[in-house]
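Only one structure is covered here, and it is reproduced in the block below.
The values are calculated or read from the model by the stated rules, or taken from the named source; none is laboratory data. Note that this is a predicted model, so its numbers are computed, not measured. Please note: Cβ atoms are built from the backbone with ideal geometry, for glycine as well, and neighbour counts cover all protein chains shown. In case anyone asks, the SASA skips ligands and DNA or RNA and just uses the protein heavy atoms, side chains included. Shrake-Rupley method; radii C 1.70, N 1.55, O 1.52, S 1.80 Å.
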Amino acid sequence: MNQSLFKIVSALLCYPEPELLAALDDIRSALQATPTAASMLEPLLAQLEGGELIALQEGYVQTFDRSPAHSLHLFEHIHGEDRARGQAMVDLLEEYKEHGFEPVCAELPDYVPLFLEFLSQCEPDEGSRLLGDAVHVLGHIAGKLRESSSPYAGVLDVLVWLSPVAPEPLSVPPIRDMDELLETFGPGADGSEPLLKPALPAIAPVNFYPSRPGA
């Protein structure tokens, strides 16, 4: 059932289109087998069912595109604008390809609906493992949405509920400003700015959370 839930959650986190609104009855029917998930998703389903399309679309843009705290790009919450984000994207794309999943949309690899579409095609054990890796970021986004009283929080809560591990707080907030980075870490030993340090050549496993000291 997790695979079908991944597809449902992926669809609900996408920009609202007429096709999604037309499928709400089918989504509710599919959720009958998982009452807990159905309860979490009902506030958003009710909003989608009762809203005008243009208002729903404007609300979606306001929620996700104009609020970085709600971004649906996983690595933005970990790396911000750090160059490590680019390598993380490459690693995740390689993970997709190793599982025979070739994204055909223009979205970045760490876009949550795309990631969930990938999980829906994985074997259940592998999908659960990867969800457990990403749940720390997903739980963080859920918390930010809840602070804003957004019904989309329930959609991320479903993923936390499905995860085999509990989310932990993100230990390293993204730093978007060079002055802030310099103030926090200082310049490199050669006087270079931290964001301009060359990336390590080795490709590390995909991580959806910052490395801990000594790890």
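Taking R0 as 25 Å, what's the FRET efficiency between residue 24 and residue 52 from their Cβ-Cβ distance, rounded to 0.05?
Numbers: r = 14 Å, r/R0 = 0.58.
With R0 = 25 Å, the Cβ-Cβ based efficiency is 0.95.
In what sequence, largest accessible area first, do 152, 111, 15 appear using a 1.4 Å probe?
Of 152, 111, 15, the descending order of accessible area is 15, 111, 152.
Taking all pairs of distinct Cα atoms, average 1/r, flip it, and tell me the Kirkwood hydrodynamic radius of segment 3-185 in Å to one decimal place.
Kirkwood hydrodynamic radius for segment 3-185: 17.2 Å.
Taking the simple approach of a point 7 Å from Cα along Cα-to-Cβ for both residue 129 and residue 165, what is their distance in nm?
Placing both labels 7 Å along Cα→Cβ, they lie 1.2 nm apart.
Please work out the FRET efficiency for the pair residue 17 and residue 39, using the Cβ-Cβ distance as r and a Förster radius of 25 Å; give the result to the nearest 0.05.
So the FRET efficiency works out to roughly 0.50.
Give, as ranges by residue number, the residues of segment 106-133 whose backbone N falls under 15 Å from the point 7 Å along Cα→Cβ of residue 4.
Under cut-off, by backbone N: 120-121.
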